[in-house]
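Student: Pasting in a structure now, in C-alpha coordinates, and then I'll have a few things to ask.
The values are calculated or read from the model by the stated rules, or taken from the named source; none is laboratory data. The shown structure was predicted, so the numbers you read here are calculated from the model rather than taken from an experiment. Glycine also receives a Cβ, built like all others from the backbone with ideal geometry; neighbour counts cover every protein chain displayed. Keep in mind that these areas ignore ligands, DNA and RNA; they rest on the heavy atoms of the full protein, side chains included. Shrake-Rupley method; radii C 1.70, N 1.55, O 1.52, S 1.80 Å.
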Amino acid sequence: MKPYPAYKDSGVEWIGKIPEHWEISPLKFQSEINRESLPEITDPDLLMSYIDIGNVNGNGLISPPKVMRFGDSPSRARRIIQESDSIISTVRTYLKAIAYFPKTQNNLIVSTGFATITPSESIHPKYMHYAISSEKFIDSVSSRSTGVSYPAITSTELGSIPIWIPSISEQRIIANFLDQKTSLIDRAIAARERKIKLLQEYRTALINQAVTKGLDPDVPMKDSGIEWLGEIPAHWEASSARYYYDIKLGKMLNSSKQNGEGIRKKYLRAANIHWNKVLVDDYMVNEMEFTENQFIRYRLQEDDLLITE
(Lines give C-alpha, C1' and ligand atoms only; values in the text may rest on other atoms or scores of the structure.)
Protein backbone atom coordinates (compact mmCIF):
# COMPACT_ATOMS: atom_id res chain seq x y z
CA MET A 1 0.00 0.00 0.00
CA LYS A 2 2.40 2.64 -1.27
CA PRO A 3 1.43 6.33 -1.20
CA TYR A 4 0.26 7.98 -4.44
CA PRO A 5 2.57 10.53 -6.13
CA ALA A 6 0.29 13.47 -5.35
CA TYR A 7 -2.79 14.30 -3.29
CA LYS A 8 -5.40 17.06 -3.30
CA ASP A 9 -7.94 18.49 -0.92
CA SER A 10 -11.24 16.67 -1.41
CA GLY A 11 -13.23 19.75 -0.43
CA VAL A 12 -15.03 17.68 2.24
CA GLU A 13 -13.66 18.25 5.73
CA TRP A 14 -14.28 14.73 7.08
CA ILE A 15 -12.77 13.10 4.00
CA GLY A 16 -9.64 15.23 3.87
CA LYS A 17 -7.05 14.67 1.17
CA ILE A 18 -7.48 12.12 -1.65
CA PRO A 19 -5.21 10.98 -4.50
CA GLU A 20 -4.97 13.72 -7.11
CA HIS A 21 -6.70 11.74 -9.87
CA TRP A 22 -9.69 10.67 -7.71
CA GLU A 23 -13.01 12.46 -7.60
CA ILE A 24 -15.67 13.06 -4.93
CA SER A 25 -19.34 12.57 -5.72
CA PRO A 26 -22.58 12.18 -3.72
CA LEU A 27 -23.75 8.59 -3.38
CA LYS A 28 -27.01 9.35 -5.25
CA PHE A 29 -25.05 10.29 -8.42
CA GLN A 30 -23.17 6.98 -8.38
CA SER A 31 -26.03 4.61 -7.58
CA GLU A 32 -29.77 4.07 -7.49
CA ILE A 33 -31.11 4.05 -3.95
CA ASN A 34 -34.15 1.87 -3.20
CA ARG A 35 -34.58 1.11 -6.89
CA GLU A 36 -37.50 -1.30 -6.58
CA SER A 37 -40.02 -2.34 -3.95
CA LEU A 38 -42.91 -4.78 -3.74
CA PRO A 39 -46.27 -3.06 -4.24
CA GLU A 40 -49.21 -3.49 -1.87
CA ILE A 41 -51.07 -5.49 -4.55
CA THR A 42 -48.40 -8.25 -4.55
CA ASP A 43 -49.88 -11.76 -4.59
CA PRO A 44 -50.23 -12.77 -0.89
CA ASP A 45 -49.11 -16.33 -1.79
CA LEU A 46 -45.79 -15.13 -3.23
CA LEU A 47 -42.95 -16.96 -1.46
CA MET A 48 -40.05 -14.73 -0.60
CA SER A 49 -36.82 -14.80 1.36
CA TYR A 50 -36.90 -11.99 3.89
CA ILE A 51 -33.94 -10.24 5.56
CA ASP A 52 -34.60 -8.11 8.63
CA ILE A 53 -32.22 -5.91 10.60
CA GLY A 54 -31.45 -8.84 12.91
CA ASN A 55 -29.99 -10.87 10.02
CA VAL A 56 -27.18 -8.38 9.38
CA ASN A 57 -24.41 -6.77 11.40
CA GLY A 58 -21.18 -4.93 10.69
CA ASN A 59 -19.71 -8.13 9.23
CA GLY A 60 -22.51 -8.63 6.70
CA LEU A 61 -25.20 -11.29 6.55
CA ILE A 62 -24.96 -13.34 9.76
CA SER A 63 -28.08 -15.51 9.49
CA PRO A 64 -30.03 -16.85 6.51
CA PRO A 65 -33.17 -15.14 5.23
CA LYS A 66 -36.53 -16.36 6.48
CA VAL A 67 -38.81 -17.89 3.85
CA MET A 68 -42.41 -16.69 4.14
CA ARG A 69 -45.52 -15.78 2.17
CA PHE A 70 -45.97 -12.13 1.28
CA GLY A 71 -49.35 -12.22 3.02
CA ASP A 72 -47.68 -13.32 6.26
CA SER A 73 -44.77 -10.90 6.08
CA PRO A 74 -44.39 -7.69 8.12
CA SER A 75 -45.34 -4.44 6.39
CA ARG A 76 -41.65 -3.44 6.25
CA ALA A 77 -40.79 -6.43 3.99
CA ARG A 78 -40.67 -4.48 0.73
CA ARG A 79 -37.23 -3.70 -0.71
CA ILE A 80 -36.20 -5.93 -3.64
CA ILE A 81 -32.56 -7.05 -3.83
CA GLN A 82 -30.85 -7.77 -7.14
CA GLU A 83 -27.43 -9.07 -8.06
CA SER A 84 -24.50 -6.84 -7.00
CA ASP A 85 -26.64 -4.69 -4.70
CA SER A 86 -25.48 -3.57 -1.25
CA ILE A 87 -27.70 -2.73 1.69
CA ILE A 88 -27.06 -0.38 4.60
CA SER A 89 -29.22 0.12 7.68
CA THR A 90 -31.02 3.46 7.82
CA VAL A 91 -32.60 2.82 11.25
CA ARG A 92 -30.59 2.07 14.38
CA THR A 93 -27.61 3.19 12.33
CA TYR A 94 -25.27 2.52 15.25
CA LEU A 95 -25.61 -1.21 14.36
CA LYS A 96 -23.58 -0.54 11.18
CA ALA A 97 -25.52 -3.31 9.39
CA ILE A 98 -24.16 -3.50 5.83
CA ALA A 99 -24.18 -6.44 3.41
CA TYR A 100 -23.27 -7.17 -0.21
CA PHE A 101 -25.09 -9.58 -2.54
CA PRO A 102 -22.87 -10.80 -5.41
CA LYS A 103 -25.64 -13.20 -6.41
CA THR A 104 -29.25 -13.35 -5.32
CA GLN A 105 -32.03 -15.88 -5.20
CA ASN A 106 -35.50 -15.20 -6.53
CA ASN A 107 -37.69 -12.87 -4.47
CA LEU A 108 -35.01 -11.78 -2.02
CA ILE A 109 -36.58 -8.99 0.03
CA VAL A 110 -35.13 -6.77 2.77
CA SER A 111 -36.74 -4.58 5.38
CA THR A 112 -37.44 -0.92 4.72
CA GLY A 113 -35.04 -0.40 7.63
CA PHE A 114 -32.35 -0.80 4.93
CA ALA A 115 -31.51 1.28 1.90
CA THR A 116 -30.65 -0.76 -1.19
CA ILE A 117 -27.67 0.57 -3.15
CA THR A 118 -27.43 -0.35 -6.85
CA PRO A 119 -24.14 0.98 -8.28
CA SER A 120 -24.04 2.78 -11.63
CA GLU A 121 -22.04 1.43 -14.56
CA SER A 122 -19.06 3.59 -13.58
CA ILE A 123 -18.78 1.95 -10.13
CA HIS A 124 -17.49 -1.54 -9.45
CA PRO A 125 -20.16 -3.19 -7.23
CA LYS A 126 -17.76 -4.61 -4.69
CA TYR A 127 -15.86 -1.32 -4.52
CA MET A 128 -19.16 0.41 -3.75
CA HIS A 129 -19.71 -2.05 -0.88
CA TYR A 130 -16.27 -1.34 0.57
CA ALA A 131 -16.73 2.43 0.16
CA ILE A 132 -20.00 2.52 2.14
CA SER A 133 -18.48 0.13 4.71
CA SER A 134 -15.56 2.47 5.39
CA GLU A 135 -15.30 4.07 8.81
CA LYS A 136 -15.50 7.60 7.41
CA PHE A 137 -18.71 6.90 5.50
CA ILE A 138 -20.34 5.11 8.45
CA ASP A 139 -19.38 7.95 10.79
CA SER A 140 -21.01 10.39 8.39
CA VAL A 141 -24.19 8.28 8.34
CA SER A 142 -24.27 8.24 12.14
CA SER A 143 -23.66 12.00 12.44
CA ARG A 144 -26.59 12.70 10.09
CA SER A 145 -28.99 10.35 11.87
CA THR A 146 -31.73 11.83 14.02
CA GLY A 147 -33.42 10.39 17.11
CA VAL A 148 -31.95 9.33 20.44
CA SER A 149 -33.17 5.81 21.18
CA TYR A 150 -33.90 4.91 17.53
CA PRO A 151 -31.56 6.98 15.34
CA ALA A 152 -32.42 6.97 11.64
CA ILE A 153 -31.41 8.61 8.37
CA THR A 154 -33.59 9.27 5.33
CA SER A 155 -32.65 7.86 1.94
CA THR A 156 -32.41 11.45 0.64
CA GLU A 157 -29.88 12.38 3.32
CA LEU A 158 -28.00 9.12 2.75
CA GLY A 159 -27.77 9.87 -0.98
CA SER A 160 -26.21 13.26 -0.28
CA ILE A 161 -23.18 11.73 1.46
CA PRO A 162 -20.14 11.86 -0.84
CA ILE A 163 -17.97 8.89 -1.73
CA TRP A 164 -14.52 8.90 -3.35
CA ILE A 165 -14.23 7.69 -6.96
CA PRO A 166 -11.03 6.28 -8.57
CA SER A 167 -11.10 4.99 -12.15
CA ILE A 168 -13.10 1.80 -12.70
CA SER A 169 -9.91 -0.21 -13.25
CA GLU A 170 -8.45 1.06 -9.97
CA GLN A 171 -11.72 0.33 -8.21
CA ARG A 172 -11.46 -3.28 -9.38
CA ILE A 173 -7.86 -3.55 -8.14
CA ILE A 174 -8.82 -2.11 -4.73
CA ALA A 175 -11.83 -4.44 -4.44
CA ASN A 176 -9.74 -7.51 -5.30
CA PHE A 177 -7.04 -6.47 -2.83
CA LEU A 178 -9.60 -6.04 -0.04
CA ASP A 179 -11.29 -9.35 -0.90
CA GLN A 180 -7.97 -11.17 -0.43
CA LYS A 181 -6.93 -9.35 2.73
CA THR A 182 -10.32 -9.49 4.46
CA SER A 183 -10.60 -13.19 3.62
CA LEU A 184 -7.33 -13.81 5.47
CA ILE A 185 -8.51 -11.71 8.40
CA ASP A 186 -11.89 -13.51 8.51
CA ARG A 187 -10.15 -16.90 8.64
CA ALA A 188 -7.96 -15.69 11.50
CA ILE A 189 -11.03 -14.39 13.34
CA ALA A 190 -12.85 -17.72 12.83
CA ALA A 191 -9.89 -19.63 14.26
CA ARG A 192 -9.74 -17.30 17.26
CA GLU A 193 -13.51 -17.63 17.80
CA ARG A 194 -13.20 -21.43 17.85
CA LYS A 195 -10.55 -21.10 20.56
CA ILE A 196 -12.75 -18.68 22.50
CA LYS A 197 -15.68 -21.10 22.30
CA LEU A 198 -13.53 -23.93 23.66
CA LEU A 199 -12.29 -21.69 26.48
CA GLN A 200 -15.87 -20.69 27.31
CA GLU A 201 -16.88 -24.34 27.45
CA TYR A 202 -13.89 -25.08 29.70
CA ARG A 203 -14.81 -22.11 31.91
CA THR A 204 -18.37 -23.37 32.29
CA ALA A 205 -17.20 -26.90 33.07
CA LEU A 206 -14.64 -25.61 35.59
CA ILE A 207 -17.25 -23.55 37.45
CA ASN A 208 -19.72 -26.44 37.42
CA GLN A 209 -17.13 -28.86 38.80
CA ALA A 210 -15.98 -26.50 41.56
CA VAL A 211 -19.42 -25.51 42.84
CA THR A 212 -21.05 -28.97 42.62
CA LYS A 213 -18.15 -31.32 43.38
CA GLY A 214 -15.62 -29.20 45.26
CA LEU A 215 -11.86 -29.02 44.73
CA ASP A 216 -10.85 -32.36 46.27
CA PRO A 217 -11.18 -35.15 43.67
CA ASP A 218 -10.87 -37.82 46.41
CA VAL A 219 -13.57 -36.54 48.78
CA PRO A 220 -16.37 -39.06 49.63
CA MET A 221 -19.56 -38.36 47.68
CA LYS A 222 -23.28 -38.86 48.32
CA ASP A 223 -26.47 -38.63 46.29
CA SER A 224 -27.83 -35.08 46.47
CA GLY A 225 -31.40 -36.30 45.99
CA ILE A 226 -31.71 -33.93 43.02
CA GLU A 227 -31.65 -35.67 39.65
CA TRP A 228 -29.96 -32.90 37.63
CA LEU A 229 -27.37 -32.23 40.35
CA GLY A 230 -26.31 -35.82 40.94
CA GLU A 231 -23.68 -36.56 43.58
CA ILE A 232 -22.15 -33.95 45.89
CA PRO A 233 -19.44 -34.18 48.57
CA ALA A 234 -20.71 -36.17 51.55
CA HIS A 235 -20.34 -33.22 53.97
CA TRP A 236 -22.29 -30.80 51.71
CA GLU A 237 -26.02 -30.10 51.75
CA ALA A 238 -28.37 -29.23 48.91
CA SER A 239 -30.92 -26.53 49.71
CA SER A 240 -33.19 -24.07 47.93
CA ALA A 241 -31.62 -20.71 46.99
CA ARG A 242 -34.52 -18.85 48.60
CA TYR A 243 -33.16 -19.73 52.04
CA TYR A 244 -29.89 -17.93 51.29
CA TYR A 245 -30.91 -15.03 49.02
CA ASP A 246 -33.37 -12.17 49.17
CA ILE A 247 -34.86 -12.67 45.70
CA LYS A 248 -36.59 -9.77 43.97
CA LEU A 249 -38.08 -9.67 40.51
CA GLY A 250 -37.18 -6.75 38.27
CA LYS A 251 -39.72 -4.29 36.97
CA MET A 252 -40.68 -3.16 33.48
CA LEU A 253 -40.86 0.62 33.37
CA ASN A 254 -42.90 2.69 30.94
CA SER A 255 -40.87 5.64 29.70
CA SER A 256 -44.05 7.37 28.46
CA LYS A 257 -45.16 7.93 32.05
CA GLN A 258 -42.18 10.10 32.92
CA ASN A 259 -43.13 13.57 34.15
CA GLY A 260 -39.78 14.93 35.28
CA GLU A 261 -40.60 14.65 38.98
CA GLY A 262 -38.93 11.33 39.80
CA ILE A 263 -35.37 10.14 40.38
CA ARG A 264 -33.48 9.62 37.09
CA LYS A 265 -31.13 6.63 37.05
CA LYS A 266 -29.71 4.24 34.48
CA TYR A 267 -32.08 1.36 33.78
CA LEU A 268 -30.61 -2.05 32.93
CA ARG A 269 -32.59 -4.41 30.71
CA ALA A 270 -32.08 -8.12 30.02
CA ALA A 271 -30.25 -7.12 26.81
CA ASN A 272 -27.57 -5.45 28.94
CA ILE A 273 -26.60 -8.74 30.62
CA HIS A 274 -24.50 -11.15 28.60
CA TRP A 275 -21.89 -13.78 29.52
CA ASN A 276 -21.32 -12.55 33.05
CA LYS A 277 -20.87 -8.98 31.83
CA VAL A 278 -22.99 -5.87 32.12
CA LEU A 279 -23.02 -4.09 28.77
CA VAL A 280 -23.34 -0.38 29.42
CA ASP A 281 -22.59 1.18 26.05
CA ASP A 282 -24.36 4.52 25.75
CA TYR A 283 -26.78 3.28 23.10
CA MET A 284 -27.79 0.24 25.21
CA VAL A 285 -28.58 1.89 28.54
CA ASN A 286 -31.64 4.08 29.01
CA GLU A 287 -32.09 6.66 31.71
CA MET A 288 -35.48 6.15 33.33
CA GLU A 289 -37.50 7.95 35.95
CA PHE A 290 -38.13 6.15 39.27
CA THR A 291 -40.37 7.03 42.16
CA GLU A 292 -38.56 7.06 45.48
CA ASN A 293 -40.12 3.72 46.48
CA GLN A 294 -39.13 2.14 43.15
CA PHE A 295 -35.59 3.38 43.49
CA ILE A 296 -35.24 1.95 47.02
CA ARG A 297 -36.73 -1.41 46.00
CA TYR A 298 -35.04 -2.00 42.65
CA ARG A 299 -31.66 -0.30 42.88
CA LEU A 300 -28.59 -2.52 42.53
CA GLN A 301 -26.25 -2.81 45.47
CA GLU A 302 -22.77 -4.21 45.94
CA ASP A 303 -22.58 -8.03 45.68
CA ASP A 304 -26.02 -8.33 44.05
CA LEU A 305 -26.42 -11.16 41.54
CA LEU A 306 -28.42 -10.57 38.34
CA ILE A 307 -30.04 -13.48 36.50
CA THR A 308 -32.12 -13.02 33.35
CA GLU A 309 -35.25 -15.14 33.06
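Student: Per residue, how big is the convex hull of the chain when only Cα atoms are used? Give it in Å³.
Tutor: 231
Student: Using a ≥ b ≥ c from the Cα gyration tensor of region 42-124 (square roots of the eigenvalues), is it rounded, prolate or oblate, where a/c under 1.5 gives rounded and otherwise the larger of a/b and b/c decides, a/b for prolate?
Tutor: Because a/c hits 1.5 or more and a/b fails to exceed b/c, region 42-124 counts as oblate.
Student: Next question. Comparing Asp179, Asp223, Asp139, which has the greatest mean-square fluctuation in the GNM of the chain with Cα pairs linked when under 10 Å apart?
Tutor: Its mean-square fluctuation being the largest, the pick is Asp223.
Student: Here's another thing I want to ask about it. Subtract the Cα-Cα distance of Ile247 and Asn208 from 0.36 nm times their separation in residues, and report this length gain in nm to one decimal. List each step's numbers first, then the result.
Tutor: Values: separation 39, 0.36 × 39 = 14.04 nm, distance 2.21 nm.
Full extension from Ile247 to Asn208 adds 11.8 nm.
Student: For region 8-164, what is Rg from Cα atoms divided by 2.2 N^0.38 Å, rounded to two decimals?
Tutor: Scaled against compact globular proteins, the figure is 1.07.
Student: Using only the alpha-carbon atoms of region 86-218, report the extent along each of the three principal axes, biggest first, to the nearest angstrom.
Tutor: Ordered largest first, region 86-218 gives principal extents of 73, 38, 33 Å.
Student: For the chain, with a Gaussian network of springs between Cα atoms less than 10 Å apart, report the residue from Asp218, Asp43, Asp85 with the top mean-square fluctuation.
Tutor: Asp218
Student: Which order, highest average first, do 299-308, 106-115, 155-164, 62-71 follow once you tally other Cβ atoms within 10 Å for each residue and take the mean per peptide?
Tutor: The packing order, highest mean first, is 106-115, 155-164, 62-71, 299-308.
Student: Using a/c under 1.5 as the rounded threshold, could you call region 142-241 rounded, prolate or oblate? The axes a ≥ b ≥ c are square roots of the C-alpha gyration tensor eigenvalues, and prolate needs a/b larger than b/c, oblate otherwise. Write out the running numbers ahead of the final one.
Tutor: On the way: a/c = 7.03, a/b = 2.42, b/c = 2.91.
Judged from the Cα gyration tensor, region 142-241 comes out oblate (a/c at least 1.5, b/c at or above a/b).
Student: For the Cα atoms of the chain, what angle does the longest principal axis make with the long axis of helix 135-144, in degrees from 0 to 90, nearest 10?
Tutor: On a 0 to 90 degree scale, this one is about 80.
Student: Next question. Name the residue from Pro119, Ile98, Val141 whose Cα lies farthest towards the positive end of the charge dipole of region 92-227, charges +1 on Cβ of Lys and Arg and -1 on Cβ of Asp and Glu.
Tutor: Pro119
Student: OK, next. Give me the lysines in straight-line cross-link reach of Lys2: C-alpha distance below 25 Å, same-chain residues under 8 apart excluded.
Tutor: Lys17, Lys126, Lys136, Lys181
Student: With the Cα gyration tensor of region 107-168 in hand, convert its eigenvalues to equivalent ellipsoid semi-axes via √(5λ) and list them largest first in whole Å.
Tutor: After diagonalising the Cα gyration tensor, the semi-axes are 22, 16, 9 Å.
Student: If you roll a 1.4 angstrom probe over the protein chains with everything in place, what fraction of the accessible area of the chain belongs to carbon and sulfur, to the nearest %?
Tutor: For the chain, the apolar C and S fraction of the accessible surface comes to 53 percent.
Student: Also: For n ≥ 4 DSSP H runs only, could you compute -39500 (n - 2.57) per run for the chain, divide by its residues and tell me the 222 nm figure to the nearest 500? Don't skip to the answer; put the middle values down first.
Tutor: Values: 5 runs with 77 residues, N = 309.
For the chain, the value works out to -8000 deg cm²/dmol.
Student: How large is the Rg to Rh ratio of region 1-62 when both quantities use alpha carbon positions and Rh follows Kirkwood?
Tutor: Across region 1-62, the Cα-based Rg/Rh ratio is 1.21.
Student: A further question follows. With the crude spin-label approximation of a point 7 Å out along Cα→Cβ, what separation in nm comes out for Phe295 versus Leu215?
Tutor: About 4.2 nm, to one decimal.
Student: While we're on this one: Using 0.36 nm times the number of residues separating Ser149 and Ile174, minus their current alpha carbon distance, what extension gain do you get? Could you put the intermediate results ahead of the total?
Tutor: Working: separation 25, 0.36 × 25 = 9.00 nm, distance 3.64 nm.
Extra length available between Ser149 and Ile174 comes to 5.4 nm.
Student: Rounded to the nearest 0.05, what FRET efficiency do Glu302 and Leu198 give with R0 = 41 Å and r taken as the Cβ-Cβ distance? Could you check?
Tutor: Efficiency at R0 = 41 Å is approximately 0.80.
Student: Right, next: Averaged per residue, what accessible area in Å² does region 208-248 show with a 1.4 Å probe, protein chains only? List each step's numbers first, then the result.
Tutor: Details: 3520 Å² over 41 residues.
Averaged over the residues of region 208-248, the accessible area is 86 Å².
Student: Accessible area per residue, 1.4 Å probe, Å², for region 56-184: what's the number? Please list the in-between numbers first.
Tutor: Details: 6160 Å² over 129 residues.
Averaged over the residues of region 56-184, the accessible area is 48 Å².
Student: Under a straight-distance cross-link criterion of Cα-Cα below 18 Å, which lysines are reachable from Lys197, leaving out those fewer than 8 residues away in the same chain?
Tutor: Within the straight-line cut-off, Lys197 pairs with Lys277.
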